[in-house]
Amino acid sequence: MSDSSLRGPAQTAVQQCMDLGANESCAVITDDERQAIGEALYGVAAETSDDAALVRYPPGDQHGEEPPAPVAAAMAGADVVLAPTTKSLSHTEARTAANEAGARVATLPGITDGVFLMGLDADYESIRAECERLVDQVEGADQIRVTTDLGTDITFEPGAREWLLDTGIVHEPGEMSNLPAGEIFVSPEDADGRFVVDGTMMPHGKLEGQTLEFEVEDGQVTHISDDEVRTDVEEAADEVGDAAYNLAELGIGANLAVEDLVGSVLLDEKAAGTVHIAIGDDHGIGGDTHAPIHLDGIITAPTVYADGEEVTLPRPE
């Protein structure tokens, strides 16, 4: 894929999503496997600001792994940070520190050229409006229940934790979003029940005729049916113990431009009308659990209830 084909989505990211100003600094953080996207973003940023930098480092071993210290310093020292990386920087101390220093941050974990083209071909003001509509239905509810015909029946208690909006519009100091964007999410204080992932989940990608089953008690995952996912969580647990089994996130997709799952968690969790549930780290999204893992599983065709009232989910046009 030519670098020129990446220019359009790069302009959407830098101009509409981040609103980079001529007097602002911008750090594009990438790695050896995402260099083309990083260079496309840097090219657009450098046309706007004379204070733009491209920082590249070797890909990490797992999502949530801290980047090298010079990379973290570059993030904390910039007004705007764009991070197209193989492994996610979303749930890292480096990203949190950059936001706390006032940076506007967009992470693009696991981004590919195809996902970049598809996911950034959207009107992010419309996505923001859809996220706000969803939050109006769930905010303040004591319980959120999710069910599916495949056997999902799980109840979440957000408690005092706030629903957050991942709109892709990152115009205020300290704000953070994924790109592609389009979801609302919460790190619940408690959860109980069972969920069945039938969409996308690492390390498998898009599931074809396969489902992954999870049991949850008192906010902890107590059973994982899949050997590969279980191994990933067990390896994290060797480092941090029970924190690896934390029920970390409930999210609802709101990007109407994403009509089909493609096997990228970054894009598929934004698909309108889907739900995703994550295991592991939640300290960067309103929780208090630190873990070297954050695994999202996408669930298709859910029904969602807020204190017993069915939520009107977005549906692709």
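The values are calculated or read from the model by the stated rules, or taken from the named source; none is laboratory data. All figures in this text were calculated on a predicted structure; none of them were measured in a lab. Heads up, the Cβs are rebuilt from the backbone with ideal geometry, glycines too, and the neighbour counts pull from every protein chain shown.
Side notes on the structure shown:
- For THR312, the test of being touching an Asp or Glu at 6+ places or on another chain (Cβ under 9 Å) and of a type outside the set (A, V, I, L, M) is failed.
- Exactly one residue out of VAL146, VAL170 is assigned to a strand (DSSP E or B) and of a type in the set (A, V, I, L, M, F, W, C), and it is VAL146.
- Residue in segment 178-195 that is closer than 15 Å to LEU295 by Cβ, of a type in the set (Val, Ile, Thr) and out of contact with any Cys (no Cβ under 9 Å at 6 or more places or on another chain) present: no
- Selection status of GLY280, at pLDDT 95 or above, surrounded by 17 or more Cβ atoms within 10 Å (Cβ to Cβ) and not assigned by TED's automatic domain parsing to the domain that holds ASP113: yes
- In segment 235-259, residue nearest to the chain's Cα centre (by Cα) [restricted to those that are surrounded by fewer than 23 Cβ atoms within 10 Å (Cβ to Cβ), of a type outside the set (A, V, I, L, M) and more than 22 Å from PRO188 (Cα to Cα)]: GLU259
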